[in-house]
Amino acid sequence: MRLTQVRDFVAVAEAGSISSAARTLGVSQPGLTKSIGSLEAELNVSLLQRTPRGVSLTRFGRAFYARARAAHSELEKARHEVLQLAGLRTGQVAVGFGPLAAALVLPPAVLQFQPLYPDVEVRLIEGFAHALLPLVRDETLDIVIGPRLPSYRNDASLRFRPIFHNDQVVVGRKGHPLAGARSITELSAAHWLSFEPRPVVDRVFAALGLPGARKLMQCESLNVLVALLAASDLLAVTSTRVLSLPQSGKSLQRIPISERIPPMATGLYMRADTPLTRPAAAMAKVLVDIGRSLATRG
């Protein structure tokens, strides 16, 4: 099995078309078809099946792709590592991040990183940690910056490096009918809004002595969360830093309950068994430095 065959197969699988993959790779369509055919002959299975719109993976193709994609990604990183050692600062860095990191950490981090590696392509993907971590596992992403999730401890493929802690508070609109509440028990019947899925929210409530959120709406957009809080009687347990954002300052307020809500650690997720490339390590350092400076400012 040749490395070019793995490259060709991954390209076809991702393009969903031999002609599109051939254009992307800069090779002829007959040559690409021959390469895939040789790979299938060596494996003695069909990896692709033709459809009216192109090609799709067979069950053998899906199984092979899961491993081939990761292998191809590692080989590309190795190639870029060699080029960097030779003085050519090229390659790619892919970073995933949540909404607060998008507002507070990513812009200055990217601006600091670019002069260090001006020829490195940077890919930025916004999302929530539970949705982004599979992309770290399959090496689509080098790094994810986000909150420490309870479930990550059970995943030996990932490691987590804490950067700072986010103090959590109850937030609602200014003039909220429950703004005078001084205990979480007075808010037990409220309808809650959260970035995080129910298991994470219920864990916070359990630490405060409540069985969980009676009604919960999960929202994976910072702007929508702020808009919903400002226009309704929904409440949220979220970072104090949400209140410092321009879109929040005039419309939202903290509801000062007496109980202390456990802080949430924010940090970097990376693969446990694969070292970061030099550009990815440089990006990680910048993210850590900015995150820690953010923590010292409160």
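The values are calculated or read from the model by the stated rules, or taken from the named source; none is laboratory data. Keep in mind it's a predicted model, so treat the numbers as computed, not measured. Here Cβ is always computed from backbone atoms with ideal geometry, including for glycine, and neighbour counts include all displayed protein chains. Calculation scope for accessible area: heavy atoms of the full protein, side chains included, ligands and nucleic acids excluded. Shrake-Rupley method; radii C 1.70, N 1.55, O 1.52, S 1.80 Å.
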* Answer yes or no: is there a residue in segment 27-46 that is closer than 20 Å to residue 70 by Cα, of a type outside the set (Asp, Glu) and not in a helix (DSSP H, G or I). => no
* Within segment 137-150, track down each residue that is of a type in the set (A, V, I, L, M, F, W, C) and within 8 Å of the chain's Cα centre (by Cα). => 141, 143, 144, 145
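Quick check: is even one residue across segment 151-169 out of contact with any strand residue (DSSP E or B) (no Cβ under 8 Å at 6 or more places or on another chain) and at pLDDT 90 or above?
No: zero hits.
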* To do: Inspect segment 206-216 for any residue being in contact (Cβ under 8 Å) with a residue 60 or more places away in the chain and in contact with a Ser or Thr (Cβ under 7 Å, 6 or more places away or on another chain) and give the result as yes or no.
  => no
* Can you work out which of the residues in segment 84-95 that are exposed (fewer than 15 other Cβ atoms within 10 Å of the Cβ) and among the hydrophobic types (A, V, I, L, M, F, W, C) is modelled with the highest pLDDT? => 85
* **All helices (runs of 4 or more DSSP H) inside segment 96-173 with 2 or more residues being more than 30 Å from residue 63 (Cβ to Cβ) and open to solvent by 30 Å² or more (accessible area, probe 1.4 Å)** => 99-104, 106-116
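Could you please let me know if residue 281 is free of Cβ contacts under 8 Å to residues at least 24 places away in the same chain and at negative phi?
Details: free of Cβ contacts under 8 Å to residues at least 24 places away in the same chain: yes; at negative phi: yes.
Spelling it out, residue 281 is indeed free of Cβ contacts under 8 Å to residues at least 24 places away in the same chain and at negative phi.
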